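Below is one structure; the comments refer to it alone.
Read-outs throughout are calculated quantities, based only on the coordinates presented, and are distinct from any laboratory measurement. Since the model is a prediction, treat every value here as computed from it, not as a measurement. Cβ placement follows ideal geometry from the backbone for every residue including glycine, while neighbour counts extend to all protein chains displayed.
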Amino acid sequence: MQSLHKLDPENNQGIRATLYVIGIGGALHFATLFIIAIKENNWVWFNPLFAIDVDRVFPGLKNNPLTFFGGWLLLALGSFTMYKLLQRTKK
């Protein structure tokens, strides 16, 4: 529990930016579930416990090294951008 206090997302903008980006990614995954439920006309898919990738909506995307590293790069760039936005609003 002590390590959680060291992270201190209230005052550590880097941690807060990463948590915001993870939350936005979660919202995108939930939206993907909603689209799949509509597409397949099966509302069982609209369950937040399912881990559905975007390649279910866009079949052209396959799990390969490019999409793997692209996803991590998107997370890193999103965290950096959110960090800069938080720095700008702090002033």
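FRET efficiency for Arg88 and Val57, Cβ-Cβ distance as r, R0 = 35 Å, nearest 0.05? It would help to have the intermediate numbers written out before the result.
Details: r = 33 Å, r/R0 = 0.94.
So the FRET efficiency works out to roughly 0.60.
Please order Thr81, Thr89, Thr18 by the number of other Cβ within 10 Å, starting at the fewest. Provide the component values of the computation, followed by the final result.
Details: Thr81 12, Thr89 8, Thr18 19.
Least to most surrounded, the residues fall as Thr89, Thr81, Thr18.
As an exercise, take the mean of 1/r over every pair of distinct alpha carbons in the chain, invert it, and state the Kirkwood radius in angstroms.
Values: mean 1/r = 0.0656 Å⁻¹.
Taking the inverse mean of 1/r over all distinct Cα pairs, the chain comes out at 15.2 Å.
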